[in-house]
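Values in this text are rule-based calculations from the coordinates and carry no lab data. For clarity, every value in this text was computed on a predicted model and none was experimentally measured. Glycine gets a Cβ as well: all are built from the backbone with ideal geometry, and neighbour counts include every protein chain shown.
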Amino acid sequence: MDFDFIDEQAVRNSSIKGNKLIVESRQYFCLVLPAVSILDQKLADVICRFGRAGGVVIALSVIPSCAREITQNNRLRRKIKELRAHGRLTFVSAAGPAFVQAVKQFATIEVKPASRLLLVHHGHTPELDIYFVTNMARTAFKGQFTFVENGIIREWNPENGLSRTVKPNSIKGNTRIFAWIPALSARFYTIEQKC
């Protein structure tokens, strides 16, 4: 699972584009609140706008219920209740299997067949999603990757410097490609967002 730690100030200063929270040059479609019970009004507004735009908020251990400005408690509770009613805020009581299940649906890549020896690192720029895939196995990986992003996919082989456009199949709004990665080797995949 790909994740970053971001602080309150970064969320306050973020923007929302589609269902993504934009923090500097990074894009997020899921925000986990780790045991956050108190929110200031600006932070609550951003989180609620993100949820209403289709982003997903997961509250871990506690659901925010108090505003830093005491006069805003009822307003905050209404916003949180609205997010929960529309399925945009999920509560998970503790980190563990339930948490993993809650965030698993937000994975940006699905690998079949699954392999613990296939390592995936995901990065973003405003125009590209970048996946670095390493096959640590002593045998070649032959399977498929399903990405949540849609766009032009390119594969780059860092061993020989060759790059090629990959023809994807579109499956229920996602993009699926067939991949072959030799043993103890790596590939970069970039997805240029369609405008």
task = Please list, in chain and number order, the residues 5+ apart from THR90 or on another chain whose amide H is under 5 Å from its amide H, with Hs placed from the backbone.
result = VAL57, ILE58, ALA59
ask   = Under a Cβ-Cβ cut-off of 10 Å, what is the net charge of the residues other than PHE50 that fall near it, where Lys and Arg count +1 and Asp and Glu count -1?
value = +3
inquiry  = Ignoring everything except DSSP H segments at least 4 long, calculate the 222 nm mean residue ellipticity for the chain; use -39,500 (n - 2.57) per segment, divide by total residues, nearest 500.
reply    = -5500 deg cm²/dmol
key: Percentage relative contact order, the chain, counting C-alpha pairs under 8 Å, at least six apart   = 16
ask   = If you rank CYS48, CYS66 by fewest surrounding Cβ atoms within 10 Å, what's the result?
value = CYS66, CYS48
message = Charges at C-beta only: +1 for Lys and Arg, -1 for Asp and Glu. How large is the resulting dipole of the chain about its Cα centre, in Debye rounded to 20?
response = 660
task = Using a/c under 1.5 as the rounded threshold, could you call region 37-100 rounded, prolate or oblate? The axes a ≥ b ≥ c are square roots of the C-alpha gyration tensor eigenvalues, and prolate needs a/b larger than b/c, oblate otherwise.
result = oblate
request  = Select from ALA179, ASN150, GLY161 the residue farthest towards the positive end of the dipole of region 109-193; place +1 on Cβ of Lys and Arg, -1 on Cβ of Asp and Glu, and compute about the Cα centre.
outcome  = ALA179
task = Beta carbons within 10 angstrom, averaged per residue: use that to sort the peptides 23-29, 7-13, highest first.
result = 23-29, 7-13
task = State the label only: which of (i) -0.67; (ii) -0.77; (iii) -0.90 corresponds to log10 I(q)/I(0) by the Debye sum over Cα atoms at q = 0.13 Å⁻¹ computed from the shown model?
result = (ii)
task = Return one number: the angle in degrees, 0 to 90 and rounded to the nearest 10, between the long axis of the Cα atoms of helix 41-52 and the longest principal axis of the Cα atoms of the chain.
result = 50
